[in-house]
Amino acid sequence: LEKAPPKPAAQKNEAKAPPAAKEEGPTDVVILSDSDFDEKTKEGSWFIKFYAPWCGHCKKLAPTWDKLATTINKADGHKVKIAKVDCTQQKNVCKDKGVRGY
């Protein structure tokens with residue numbers, strides 16, 4: 001039986017490249033803030049996601065939320081607006097709306 005050649009040892013100075021960051025592309029989701037929430041949402045129908053960027057469930061929902069916005073906009077011509085609010089940045093509107101968990 002022949003022995004397989006030994007695997008080369010990893011060099012200590014060999015650095016691995018960090019994974020590429022995901023870039024956020026264009027989206028049909030409306031981003032709402034403390035300063036524009038009331039003005040933008042006073043008319044029409046809105047479906048709003050209140051989220052925290054560190055929340056695992058929120059991260060998992062993000063691509064589905066983007067797809068929903070695109071699908072709804074194509075189907076109904078923007079009659080229902082899909083939006084999101086980052087509650088780590090827009091604390092006032094989240095507090096006013098009673099958001100306490102994600």
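Nothing in this text is a laboratory measurement; each read-out follows from the coordinates by a stated rule. Note that the structure is a prediction, hence the values are computed from the model and not measured. Because the Cβ atoms are built from the backbone with ideal geometry, glycine has one as well, and the counts that use them run over all protein chains shown.
Each Lys and Arg contributes +1 and each Asp and Glu -1, all at the Cβ; summed about the Cα centre of the stretch 30-93, the dipole is approximately 320 debye.
If packing is taken as the average number of other Cβ atoms within 10 Å across a peptide's residues, how do 59-66, 71-78, 87-94 rank, most packed first?
On the way: 59-66: 13.6, 71-78: 11.9, 87-94: 17.0.
With the highest mean Cβ count within 10 Å placed first, the list reads 87-94, 59-66, 71-78.
Close amide H contacts of residue 81 (hydrogens built in the peptide plane, cut-off under 5 Å, sequence separation of 5 or more or a different chain): 45, 46, 47. Given H placed 1.01 Å from N in the peptide plane, which residues other than close sequence neighbours of residue 28 have an amide H under 5 Å from its amide H? Excluding prolines and chain starts, which carry no amide H, the hits are 70.
Each of 75, 51, 61 was placed along the dipole of the stretch 27-77 (beta-carbon charges, centred on the mean Cα), and the one lying farthest toward the positive end is 61.
Multiply the residue separation of residue 31 and residue 71 by 0.36 nm, subtract the distance between their alpha-carbon atoms, and state the gained length in nm to one decimal.
Values: separation 40, 0.36 × 40 = 14.40 nm, distance 1.71 nm.
Gain in length upon complete extension: 12.7 nm.
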